[in-house]
1. Can you confirm whether Gly306 is within 14 Å of ligand 2 (Cβ to nearest atom), outside any helix (DSSP H, G or I), surrounded by fewer than 24 Cβ atoms within 10 Å (Cβ to Cβ) and in contact (Cβ under 8 Å) with a residue 60 or more places away in the chain?
2. Within region 164-177, how many residues are hydrophobic (A, V, I, L, M, F, W, C) and either closer than 15 Å to Gly122 by Cα or surrounded by fewer than 23 Cβ atoms within 10 Å (Cβ to Cβ) (or both)?
3. What number of residues within region 73-97 are farther than 28 Å from Ala208 by Cα and among the small types (Gly, Ala, Ser)?
4. Can you pull out every residue in region 329-379 that is of a type in the set (Asp, Glu), within 16 Å of ligand 2 (Cβ to nearest atom) and within 26 Å of His463 (Cβ to Cβ)?
5. So which of Leu326, Leu286 is more than 28 Å from Gly50 (Cα to Cα), away from ligand 2 (no atom under 16 Å from the Cβ) and part of a helix (DSSP H, G or I)?
6. Looking at Arg264 and the list (1) in contact with a Phe, Trp or Tyr (Cβ under 9 Å, 6 or more places away or on another chain); (2) free of Cβ contacts under 8 Å to residues at least 40 places away in the same chain; (3) in a helix (DSSP H, G or I), which single condition is not satisfied?
7. Which residue is farthest from Ala281 (Cα to Cα), if the candidates are limited to region 209-237 and must be of a type in the set (S, T, N, Q) and in contact with a Pro (Cβ under 9 Å, 6 or more places away or on another chain)?
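Just so it is clear, none of the values below were taken in a lab; they were calculated from the coordinates. Predicted, not measured: the structure shown is a model, and the values here were computed from it. Backbone-built Cβ (ideal geometry, glycine too); neighbour counts: all protein chains shown.
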Amino acid sequence: MTPPSRQPARRRTAGLRREAVLATVPVAVAALLATAGPAAAGTTGAAGAGDPYFPLSGNGGYHVGHYDLTLRYDTTSRQLDGKAVLTARASHRLTRFDLDLNGLKVTSVTVDRGAAAFRRTGQELVVTPRHALRAGREFRVAVAYHGTPKPVTDPDGSADGWIPTDDGAFVAGEPQGAMTWFPANGHPKDKSTYDFTITVPKGRTAVANGVLLGRHTAHGRTTFRWRETQPMAAYLATATVGDFKVERYTTPDGVQVYNAVDPREARAAAPVLKKLPSVLAWESKLFGPYPFRAAGAIVDHAPDVGYALETQTRPVYDSAPDTGTLVHESAHQWFGDSVSLTAWKDIWLNEGFATYAEWLYAEQHGGDSAQMTFDALYARPAGDELWAYPAGDPGNGGNIFGTPVYARGAMTLHELRRAVGDRDFFRILRAWATGHRGGHGTTAEFVRLAERQSGKRLDGLFHTWLYTKGKPDKV
Ligand code: TRP
Ligand code: ZN
C-alpha cells in the first residue's frame, strides 16, 4: 500500500532541484556580516534565530504574539500589496531589530504609530524605532509593502514561499519562504496567532489557515477574512489563491472543515478528501485529540511545485493527493505544527513521525505491516541514498527533505516500538503530542520522554538510528 521506494520522492519531484545548490548562501553570508557586528552590542535584535542551517531565518530580541496581515493580490499582474501589523514583545532592550523580508518594496514602517527608520540588507528588514524599546515591553510594528513576490530557492534547489500559478499562487513557506510574502520572525522557534484579510479578483478564492470569519464582494473583488487562534510557525502560514471549488462541513467533533479544490484536480481529489474525517479521527485515537479547531485541504494545480506542505489546519497540495499523502500531512498537524521544531536539524521529529503515521495507517487498513515496510527499506544496500547521512543530523539545510530524514526517521520510530512494545510506544507518541501541544520539542526531550515512559535506557538505540553514519547494524 505504501511502497517504501516512493516514501520521500512523493513529497518532492525528483530531478527538479539539486542544480541550484547553495544559490542563496552568498547573499546570506553578506547580510550576516552586515549585521553581525553591531548585534554584539546587546541592544539590537540579532539578524537570525541562531539556526546553523538557516542562519538568517528568524530574528533575536523579540517574540511576535500576533500577525495581522492585510493582502491584496492581483492574479493578472501578480502584484501583491500588503500591510502587516505585528504585535511583539521585546525580550531585552532594543534600539533596533530585524524582520525577515525577501524582495518586495517597503514604503513605510511604524513602531507604535511613530514612523521608524528602516533599511534593507539581504533578507533582513532592519528597523530602528524612534525610541529604544524597554525589555519586556509590548510593541506594534506596521509595515506597508508591495511588489511581485518571488519564491526563494532553497539549498536543495526547491522553491518555497509565494509561488505564482496560472490562476493565483501556491503559498507554502517551508523552510524559509514566509519572508517572500510578509515580514516575519521566520523561524519555528517563534509561534504566533494570525489574522488574514485577503482581497483577490472576484471569482478567485483566497485560502489561509484556521477559520473563515467572512467574505464579501464589492467592485469586482472578493475579500476573505481568516483567523488562526492557535500558535503557528511562520512557515506554516498560507494564503493560497486560485480558482477553487469549496466544500464546508463540521465534523462530529466540532472541527470546521474547509476544502478548496482546483476543478482540474477535483475528480482525483474527491475520493481521497472524503477520507479526511476518518483519517483525523484515526490519528486522534493514536496521537491524542486533534490540536486545532479547523481542518481541510487546499488542492491546487501547481505542477511545478513538486511537494505538499502541512500548512497549519489546512495542508496545501500541489495536485490531488493519494491517501498516504493525506495521512502524512494530517499527521504533521500533531507532529510539526502543534509540536514545533526549535532547530531544523531536528526535522526528523516532523518527517519521520509523519512517515511513520503512513506506515501505521497501511498496517491498520489492510496494507503492509510497518515491519514489512521497515524490512524492505533495511534491505537496501549500504550505498543507497537512504544511508547517505544520519536522520538526526542531516548536516545542512540542503538535506532536510532527503530520504534519510523521512525513511530512516520512521525506521527509528519503528525500532523504538520494537524495543518498548506497542503499549508504551503509543503512550509515548500520545504523551509527546499532548505534553508539547501548541509548543516545541527537541530530539533530546523526545528521547528522555521515551525513557521515562518505558523505564528503559534508549540512548544507544537513538544514537545508532539517528546519529551514526552509514547503514546501522541489525540489533
Ligand atoms: N514538509 C513537506 C512534507 O513532508 C515537504 C516539503 C516542504 C518540501 N517544503 C519542501 C520538500 C521543499 C522539498 C522541498 O510534506
Ligand atoms: Zn512531511
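1. yes
2. Result for region 164-177: 0.
3. Residues flagged as farther than 28 Å from Ala208 by Cα and among the small types (Gly, Ala, Ser) within region 73-97 amount to 1.
4. Residues satisfying the conditions are Asp346, Glu351, Glu358.
5. Leu286
6. Every listed condition holds for Arg264 apart from (1).
7. The qualifying residue farthest from Ala281 (Cα to Cα) is Thr222.
Yes/no matrix, rows are residues, columns are (1) buried (at least 22 other Cβ atoms within 10 Å of the Cβ); (2) under 24 Å from Asp167 (Cα atoms):
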| residue | (1), (2) |
| --- | --- |
| Trp226 | yes, yes |
| Thr238 | yes, yes |
| Glu247 | no, yes |
| Pro252 | no, no |
